[in-house]
Amino acid sequence: MSQTYLLPGFEGDEREKPVNVASVPQRSPFRYPGGKTWLVPLFRRWMMSLPSQPAVLVEPFAGGGIISLTAAFEQMAERVVMVELDEQIAAVWQTILGGEAEWLAKRILSFDLTVESAKAEFARNPKSLRELAFQTVLKNRTAHGGILADGAGVLKNGENGKGILSRWYPQTIAKRITNIGYVTQRIEFVKGDAFAELTRFRSDRNAVFFIDPPYTAGGKSAGSRLYNHSEVDHDRLFSLCEKLRGDFLMTYDNAEEVRALAERHGFQTKPVAMKNTHHAEMNELLIGRDLSWVEDGGVLREEPAAYRAASSKTDQRKARTRSRRGHKK
Ligand SMILES: C[S@@+](CC[C@H](N)C(=O)[O-])C[C@H]1O[C@@H](n2cnc3c(N)ncnc32)[C@H](O)[C@@H]1O
């Protein structure tokens, strides 16, 4: 499946080279609902538009953490602070960033995945943080849509009937974890509340914030099905953003009540339309104090997800086979 991201303000100037989204390295071990890999080119543009390199990037709703990882690997900030409330997701980050990346990578490589072995693993009560981390990665890769919220079950037939192995790329996931282990000194992980961490850095003029909260405002319930923690006081969040000394970039669903909220707080909004070959369209909204940097947008193209997800030779071979069979993300 190829996807095209149409950015507002793009006039189709052929001199402007499209940004190839395939050049965005997939660094997260998670496949995360609401994951922001597609936003990485725009995130880079925002960071480049800042007058100087920030001392710290804070991501208060980190989830799969692709934005934080990108900033850490590409040294866009001196350090990165990732915040996540969910115990399972936190366990993965705490394990990787706490010196156990190799243990987790090896555990993944040595696990023989079948429906039975997955069920047996999930029936176990994890006795340590790193065991919970392994269970979480396994669950994330075998549950429908990567959803870790309570109630999401193990795939019986895999997505698109491709079996439980359809999202299990052990070599690739292990490699990503090992690689993150190399940049741990640049990343601080906080298992805690977004609001507390935003408040901690509120007066820091050298801090910038990437904010991607679960969205449930206006009676929409998508966020509550996807995450265990989906209740956010959005009005309070916007008020807190107003008080941040450093710059921030927020992403939300492009919903009327969100646009109204942004307007009430004096923020700018820019919709970003994401189109795929099935003509399905998703609308996301960028929110910030000054989004003039978005005007330089281009058309972003993405290669088939199966290629992007695979980096090891073994996994690439499997991915190619899936791709030939018309496998989707
Ligand atoms: C939309 S997702 C973030 C996705 C992320 N940008 C990515 O690319 O994977 C929102 C995340 O915020 C977390 N969350 C919800 N409430 C929180 C809170 N009060 N503090 C910290 N994290 C919270 C959820 O568990 C979820 O992982």
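For q values of 0.19, 0.22 Å⁻¹, compute log₁₀ I(q)/I(0) with the Debye formula on a Cα-only model of the stretch 27-114, without solvent.
-0.93, -1.15
Using the Karplus curve 6.51 cos²θ - 1.76 cosθ + 1.60 with θ = phi - 60°, what ³J(HN,Hα) values do you get for each residue of the stretch 98-108, in whole Hz, with x for Gly and Pro?
Listing the rounded values in order: x, x, 10, 4, 5, 4, 5, 4, 5, 4, 5 Hz.
For a quick check: with amide H placed at 1.01 Å from N, whose amide H comes under 5 Å from Ile211's, ignoring anything fewer than 5 positions away on the same chain?
Leu249, Met250, Thr251
³J(HN,Hα) across the stretch 238-243 via Karplus (A = 6.51, B = -1.76, C = 1.60, θ = phi - 60°), whole Hz, x for Gly/Pro?
5, 5, 5, 4, 4, 8
Using a simple spin-label model with points 7 Å from Cα along the Cα→Cβ vector, what separation in nm is obtained for Glu188 and Lys106?
Simple spin-label model gives 3.1 nm for this pair.
Using the structure shown, list the pairs from Lys119/Lys175; Lys106/Lys270; Lys106/Lys191; Lys175/Lys270 with a Cα-Cα distance above 32 Å, or answer none.
Details: Lys119/Lys175 25 Å; Lys106/Lys270 43 Å; Lys106/Lys191 24 Å; Lys175/Lys270 36 Å.
Going by Cα-Cα distance, Lys106/Lys270; Lys175/Lys270 fall outside the 32 Å limit.
I need the phi-derived Karplus couplings for the stretch 111-128: 6.51 cos²θ - 1.76 cosθ + 1.60, θ = phi - 60°, integer Hz, Gly and Pro marked x.
7, 8, 7, 9, 4, 5, 5, 5, 4, 5, 5, 6, 6, 6, 8, x, 9, 9
Search the structure for amide H atoms under 5 Å from the amide H of Val272, placed 1.01 Å from N in the peptide plane, and list their residues when 5 or more places away or on another chain.
Amide H to amide H, under 5 Å and 5 or more residues apart or across chains, Val272 pairs with Glu284, Leu285, Leu286.
For the stretch 168-267, with the dipole built from +1 on Lys and Arg beta-carbon atoms and -1 on Asp and Glu ones, taken about the Cα centre, which of Val258, Leu240, Gln185 lies farthest toward the positive end?
Highest projection toward the positive end goes to Gln185.
Around Arg79, which amide H atoms from residues at least 5 apart in sequence, or from another chain, sit under 5 Å from its own amide H, with H modelled in the peptide plane?
Amide H neighbours of Arg79: Val56, Leu57.
Residues of the stretch 75-112 with amide nitrogen under 20 Å from the 7 Å Cα-to-Cβ point of Asp233?
Taking a point 7 Å out along Cα→Cβ of Asp233, the residues of the stretch 75-112 whose backbone N falls under 20 Å are 84-86.
Read-outs: derived from the displayed coordinates by stated rules, not from any lab. For clarity, every value in this text was computed on a predicted model and none was experimentally measured. With ideal geometry, Cβ positions are generated from the backbone for all residues, glycine too; neighbour counts draw on all protein chains shown.
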